[in-house]
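Here the structure comes first, spelled out in C-alpha cells, and everything after it is commentary.
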Amino acid sequence: MTMDLETRLQAQITAQNLMIEALLDAAIRAGQLDPRSLVDKLEQFISAPKASVADPDEIAAVMSEVDAWADMISGRYLEVKDSSPERSLR
C-alpha cells in the first residue's frame, strides 16, 4: 500500500523538523551556535520588508513558521531575562 503524496510530504516535513531540532540542540549545547543571535536573526527576518510581488498568503505562512521557530528556540534555550520583550509576551 502506498501513501498518498500529502501524507508522504507531511512525514518528510516532520522527520526534517526532528533532525533540525536535534542539530540545533547539539550545536547550541556544544557552544557552536548562540541561541540569542539566532532568535535575533529570525526576528529581523520577520520584521524586514517583503517583496510586494510575493504572494501575501505565502509570506504570512513563512513568517508564521519562522516566528514559531524563534519561539521554540527562545523558550528552550534562553532564560527569561535574555528573551526579547516581544517574545516573552507571547
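The values are calculated or read from the model by the stated rules, or taken from the named source; none is laboratory data. All values reported here derive from a predicted model rather than from experimental measurement. Reconstructed Cβ throughout: ideal geometry from the backbone, glycine too, with neighbour counts over all protein chains shown.
Given the structure, is residue 12 free of Cβ contacts under 8 Å to residues at least 12 places away in the same chain and either in a helix (DSSP H, G or I) or within 12 Å of the chain's Cα centre (by Cα) (or both)?
On the way: free of Cβ contacts under 8 Å to residues at least 12 places away in the same chain: yes; either in a helix (DSSP H, G or I) or within 12 Å of the chain's Cα centre (by Cα) (or both): yes.
In short, yes.
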(request) Take the residues in region 34-55 that are surrounded by 12 or more Cβ atoms within 10 Å (Cβ to Cβ) and farther than 14 Å from residue 74 by Cβ, then tell me which one is modelled with the highest pLDDT. (result) 45
